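Worksheet: the structure to be examined is printed underneath.
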Amino acid sequence: MRCSLIVHRTAVFASFLLFTASSLLSQATGGGSTTPSVSLPGQQNPFQGSAPEGKVTADVLQIDFKDAIDRGLRNNLGLLLASDQTQMARGERWKELSELLPNLNAQVLENVQNESLAALGFNKLLPQLSAPGTNPAVFPRVLPAFNYFDARASLSQSLFNFKDLERERSASESLRAAQFSYRDAREMVVLAVGNSYLQAIAASARVETTAAQVKSAQALYDKASDQLKAGLTPAIDALRAQVELQTRQQQLIVARNDLAKLKLSLARIIGLPPGQEFVLTEKAPYQALTPLPLETYLQHAFTARFD
């Protein structure tokens, strides 16, 4: 019984090794129905980058919400790439349309030249052909200039070419897809800029809140220190207030660092040059939303949404 159990385990282990080896071999040789995607390090979303606009100035830019979106629509890398793809698709469509048009070939030729009869030997040939005792005929050495003109044109047209028609149809559909992708890219840029701007506003509010907490902790620490000097409170209360103050100060440093990182991300999305100082002038005041009927939302969606 024990021997059969050992044989069974050995067979299971060998089957597992064979299955693993075959899987690795299939992945290495590219076999199988699916190909694993490789994610290279350092690749970023193109909508998180942009082409910098202008140079760094000493002025502090005042950027509101609308200005940030306008800058993003001008300089965002994802939208620029989508625009290039649309132009390429339009060019491919024009190329395929040209194959359906008639081919017209035209050629115009004009030639003006002089001919040297002496070089051709006419002056030496005629004296030999002349009769004896007569004056030999003399040809001019160079003929006057003469010209000739040639103009021709040819036109060819394919009556029916199913392959070219299908190519033109494919190029037209590719152009439509590229245009829809461009519209989607615009919406994505607005979403990315708006999200980054609102996150920066929230981080700025957290900085203000943490700064107010630091001031409150500083006042409590000063009060505890004065009471400790006057002998009204034990040292543990002053130490507790000091720890609280240092904790709030650390939180303020973290909040300011988060705000700086979010502002850098926003500047990278909207195309500000590196090192440009700017402030966000827009605030997000609270406003209660008034709910509308479902039919109104559907009507707005059917009217405004491209998809």
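Evaluating 6.51 cos²θ - 1.76 cosθ + 1.60 at θ = phi - 60° for every residue in the range 153-160, the Karplus couplings come out as 9, 9, 10, 9, 9, 7, 5, 7 Hz, glycine and proline recorded as x.
Close amide H pairs (under 5 Å, H built 1.01 Å from N) link PHE278 with LEU61, residues at least 5 positions away or on another chain. Working from label points 7 Å from Cα in the Cα-to-Cβ sense, the LEU73 to GLN44 distance is 2.4 nm. Here the spin labels are modelled as points 7 Å beyond Cα on the Cα-Cβ line, and at LYS95 and PHE162 they lie 2.5 nm apart. Residues whose amide H comes within less than 5 Å of that of THR233, counting only those at least five positions distant or on another chain, are LEU228 (H built at 1.01 Å from N in the peptide plane). Remark: the range 214-223, residue by residue, has Karplus-estimated 3J(HN,Hα) of 5, 5, 5, 5, 5, 5, 5, 5, 4, 5 Hz, where x stands for each Gly or Pro and the curve is 6.51 cos²θ - 1.76 cosθ + 1.60 at θ = phi - 60°.
VAL254 to VAL279: FRET efficiency via 1/(1 + (r/R0)^6), r the Cβ-Cβ distance, R0 25 Å, to the nearest 0.05?
Numbers: r = 21 Å, r/R0 = 0.83.
For R0 = 25 Å, the calculated efficiency reads 0.75.
Under 29 Å of direct C-alpha separation, and excluding same-chain neighbours fewer than eight residues apart, LYS55 reaches these lysines: LYS66, LYS261, LYS263, LYS283.
The slack in the chain from ARG183 to LEU294, taken as 0.36 nm per residue of separation less the alpha-carbon distance, amounts to 37.4 nm.
Here, each number is a calculation from the coordinates, and none is a lab measurement. Predicted model, so just to flag it, every value in this text is computed and none were measured. Counting neighbours? That spans all protein chains shown, and the Cβs are built from the backbone with ideal geometry, glycine included.
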